[in-house]
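What follows is a set of notes on a single structure, which appears directly below.
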Amino acid sequence: MVQCEMCGNEVASPKKMKIEGAVLNVCQDCSKFGVEINTSPVQKQKTKYSTYNSNDNVEGPTNKKKIPKKTYHRLGEMDMEFNEKIRRARELRGISQGELAGEINEKASFIKKLERGEVLPDEKVRKKLEKNLKINLLESDVE
Ligand SMILES: [Zn+2]
């Protein structure tokens with residue numbers, strides 16, 4: 001048995017209907033909503049769209065500079081925390097994002113994004129950060 005995606009009733013052979021622009025598997029009863037698109041009282045709003053908007057022109061050829069938030073779960077714990085590590089280490093040194101940026105020849109806005117976890121440092125930047133902040137971004141808690 002499958003669940004009707006409109007009403008939730010169990011249905012043996014669901015009908016594929018285009019409803020509100022989305023294709024849903026629905027029961028016999030609900031399939032009528034497929035034709036009455038604008039008057040359907042039951043609407044299942046599916047928000048599959050991420051609110052993340054990437055700038056189109058940032059993609060580098062070799063590195064993964066820009067990674068949408070929704071893919072973070074693939075990165076493992078240490079990558080989830082790299083931004084925290086950078087921020088903590090920088091604050092430990094008592095320098096601002098701008099100062100850190102200057103020391104490793106990056107833009108302050110880039111550091112800001114790094115610390116917010118919006119971008120990942122590529123190999124080159126990572127090494128600069130590790131050297132400058134005396135941290136290890138690849139392995140957790142290894143000095
Ligand atoms: Zn139904």
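Things worth noting here:
- Here the peptides 15-22, 129-136 are ranked by packing, the mean other Cβ count within 10 Å, and the order with the highest first is 129-136, 15-22.
- For Leu137, residues with placed amide H under 5 Å, excluding near neighbours: none
- Maximal additional length on extending the Lys15-Lys107 stretch stands at 27.7 nm, based on 0.36 nm per residue less the C-alpha distance.
None of the figures in this text is laboratory data; all of them are computed from the coordinates on show. Quick caveat, the model's predicted, so the values are computed rather than measured. Neighbour counts run over all protein chains shown; Cβ positions are idealised from the backbone, glycine included.
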